[in-house]
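A short worksheet on the structure shown next.
The values are calculated or read from the model by the stated rules, or taken from the named source; none is laboratory data. Keep in mind that what you see is a predicted model, and the values were worked out from it rather than measured. Glycine also receives a Cβ, built like all others from the backbone with ideal geometry; neighbour counts cover every protein chain displayed. Surface accessibility is based on the protein's heavy atoms, side chains included, excluding ligands, DNA and RNA. Shrake-Rupley method; radii C 1.70, N 1.55, O 1.52, S 1.80 Å.
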Amino acid sequence: MEPGKPLRLDAGRRVLRDGTGRCFDPAARIWGAGAGVSDDVAISPTEALRWLQRESGKAVRVPVAVIGTRTPTASQDAMAEHMGALLAGHGVTVLCGGRSGVMEAVCRGVEGAGGLSIGLLPDDEPAAANPYVTVPLATGIGVARNALIARAAFCLVAVGGGYGTLSEIAFALQFKRPVFLLDGAPAVEGAVRCADAEEALAQVARVFLAL
């Protein structure tokens, strides 16, 4: 999408087009030629994400992973909870490691927004999950589950983090999954630093919309 040219949506006809007139195919997630529409309004990428996930009938079912430190600062805890609420509020399923710290905070945000979270646990039993996980999945494979999180995610958002988070970021980039960094997440070439959760959501929206 060209800078300064907003997306436009005809909700009644379920037609999303960009500033050059191309139309978005939600099922294939590609932009192509399409008929012009008259009853449309300008929307932002995040508004288009909400439409895609809640109204298009062709929502992306692959989750977004939120990863990060097990010992968050107050700022990181709040950031992760807000990120979870934003993603859930836009109809996005959230994947995480299912345990404490940033993982618990993001699940708390998802639950508060009425969304769905999946906790991919390193443990043998689902009882190890934090109390806010919607679907706990016990893998029994320890830290090797970091690679599974990176592989299973559509894209990843990291909030703070140490070596474990760094490994997930590295796996994600190796698997060609976009990674967005928040509040002290390890800097890795190829990952995109974001100022706040809203900017990270806008980046996620652009991935979902193939912009």
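Observations, loosely collected:
- Selection count, the stretch 118-163, where residues are assigned to a helix (DSSP H, G or I) and touching a residue at least 24 places away in the same chain (Cβ under 8 Å): 10
- From Leu95, Leu86, residue being under 24 Å from Tyr132 (Cβ atoms), within 19 Å of the chain's Cα centre (by Cα) and not in a helix (DSSP H, G or I): Leu95
- Lone unmet requirement of (1) under 30 Å from Gly161 (Cα atoms); (2) part of a loop (DSSP other than H, G, I, E, B) for Lys58: (1)
- Looking only at the stretch 189-208, and only at residues there that are small (Gly, Ala, Ser) and under 12 Å from the mean Cα position of the chain (by Cα), the one that is most open to solvent (accessible area, probe 1.4 Å): Ala202
- Subset of the stretch 141-155 [farther than 22 Å from Ala197 by Cα and touching a Gly at 6+ places or on another chain (Cβ under 9 Å)]: Val143, Arg145, Asn146
- Some residue of the stretch 168-178 being among the aliphatic types (A, V, I, L, M), buried (at least 24 other Cβ atoms within 10 Å of the Cβ) and touching a strand residue (DSSP E or B) at 6+ places or on another chain (Cβ under 9 Å): yes
- Cβ-Cβ under 8 Å pairs, at least 6 apart or on other chains, the stretch 91-116 side more than 21 Å from Ala48 (Cα to Cα), far side hydroxyl-bearing (Ser, Thr, Tyr) and part of a strand (DSSP E or B): Leu95/Ser117; Cys96/Ser117; Val106/Ser117; Cys107/Ser117; Glu111/Ser117
- Every residue from the stretch 43-58 that is free of Cβ contacts under 8 Å to residues at least 60 places away in the same chain and surrounded by fewer than 16 Cβ atoms within 10 Å (Cβ to Cβ): Arg54, Glu55, Gly57, Lys58
- Total residues in the stretch 64-84 satisfying the condition of being closer than 26 Å to Ala138 by Cβ and surrounded by fewer than 22 Cβ atoms within 10 Å (Cβ to Cβ): the figure is 2.
- Within the option set Ala138, Ala158, Ala129, Ala185, being at pLDDT 95 or above, out of contact with any Gly (no Cβ under 8 Å at 6 or more places or on another chain), small (Gly, Ala, Ser) and crowded, with 16+ Cβ neighbours inside 10 Å holds for one residue only, Ala138.
- Answer from Asp25, Asp40 - the residue that is at pLDDT 90 or above, charged (D, E, K, R) and open to solvent by less than 70 Å² (accessible area, probe 1.4 Å): Asp25
- For the stretch 141-155, taking the residues that are surrounded by fewer than 21 Cβ atoms within 10 Å (Cβ to Cβ) and among the β-branched types (Val, Ile, Thr), the one that is farthest from the chain's Cα centre (by Cα) is identified as Ile141.
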